[in-house]
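Novice: First the structure, then my questions, so here it is.
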Amino acid sequence: MPAKSGAQQKAAGAALSAKRGNTKVGDLQGAAKDMYDSMSEKELEEMAGTSRRDKPEHEN
């Protein structure tokens with residue numbers, strides 16, 4: 001599932017980094033922490049790999 005906003009894409013990237021062991025899970029906050037707990041690495045890859053071009057920073 002592609003990200004719907006730039007913020008969602010960034011949060012998925014942070015969660016993916018923690019899943020892969022590149023950052024500490026304790027450093028995650030908000031949506032990134034929720035995504036880490038509820039999504040697989042593959043799902044996070046798909047969302048984090050979404051282009052931010054023509055996407056709002058935050059979805060209304």
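The values are calculated or read from the model by the stated rules, or taken from the named source; none is laboratory data. On a predicted model such as this, the values are computed, not experimentally measured, just so you know. Heads up, the Cβs are rebuilt from the backbone with ideal geometry, glycines too, and the neighbour counts pull from every protein chain shown. Quick note on the areas: whole protein, heavy atoms, side chains included, nothing else; ligands and nucleic acids left out. Shrake-Rupley method; radii C 1.70, N 1.55, O 1.52, S 1.80 Å.
Novice: Which of the GluC sites (Glu not before Pro) found in the stretch 25-60 are loop residues per DSSP with 12 or fewer other Cβ atoms within 10 Å of their Cβ?
Specialist: Those that pass, being in a loop and sparsely packed, are GLU57, GLU59.
Novice: If I build a Gaussian network model for the chain, linking alpha-carbon pairs within less than 10 angstrom, which residue out of ALA31, ALA15, ALA48 has the largest mean-square fluctuation?
Specialist: ALA31
Novice: Share of the stretch 13-60's accessible area from carbon and sulfur, percent, 1.4 Å?
Specialist: Carbon plus sulfur share of accessible area: 42 percent.
Novice: Under unit Cβ charges (Lys, Arg +1; Asp, Glu -1), what dipole magnitude, rounded to 20 debye, does the stretch 1-50 have relative to its Cα centre?
Specialist: That gives a dipole near 120 debye.
Novice: While we're on this one: I want the local charge near ALA14. Using Cβ-Cβ distances under 12 Å, sum +1 for each Lys or Arg and -1 for each Asp or Glu among the other residues.
Specialist: Result for the neighbourhood of ALA14: +3.
Novice: Determine the per residue accessible area of the chain with all protein chains present and a 1.4 angstrom probe, expressed in square angstrom.
Specialist: 68 Å²
Novice: Expressed in nm², what is the orientationally averaged projection area of the convex hull enclosing the Cα positions of the chain?
Specialist: 3.8 nm²
Novice: Multiplying the sequence separation of GLU57 and SER5 by 0.36 nm and subtracting their Cα-Cα distance, what value in nm do you get?
Specialist: Between GLU57 and SER5, full extension yields an extra 18.2 nm.
Novice: Got a sec to turn the phi values of the stretch 46-55 into Karplus ³J(HN,Hα) couplings, 6.51 cos²θ - 1.76 cosθ + 1.60 with θ = phi - 60°, whole Hz, x for Gly and Pro?
Specialist: 4, 6, 5, x, 5, 5, 8, 4, 6, 10
Novice: While we're on this one: In whole Hz and in residue order, list the ³J(HN,Hα) couplings for the stretch 10-21 that follow from phi through the Karplus curve 6.51 cos²θ - 1.76 cosθ + 1.60, θ = phi - 60°; x for Gly and Pro.
Specialist: Going residue by residue, I get 5, 5, 5, x, 5, 5, 5, 4, 5, 4, 7, x Hz, with x marking Gly and Pro.
Novice: Do any trypsin sites (Lys or Arg not before Pro) in the chain lie in a DSSP loop with no more than 13 other beta carbon atoms within 10 Å, and if so, which?
Specialist: ARG20, LYS24, ARG53
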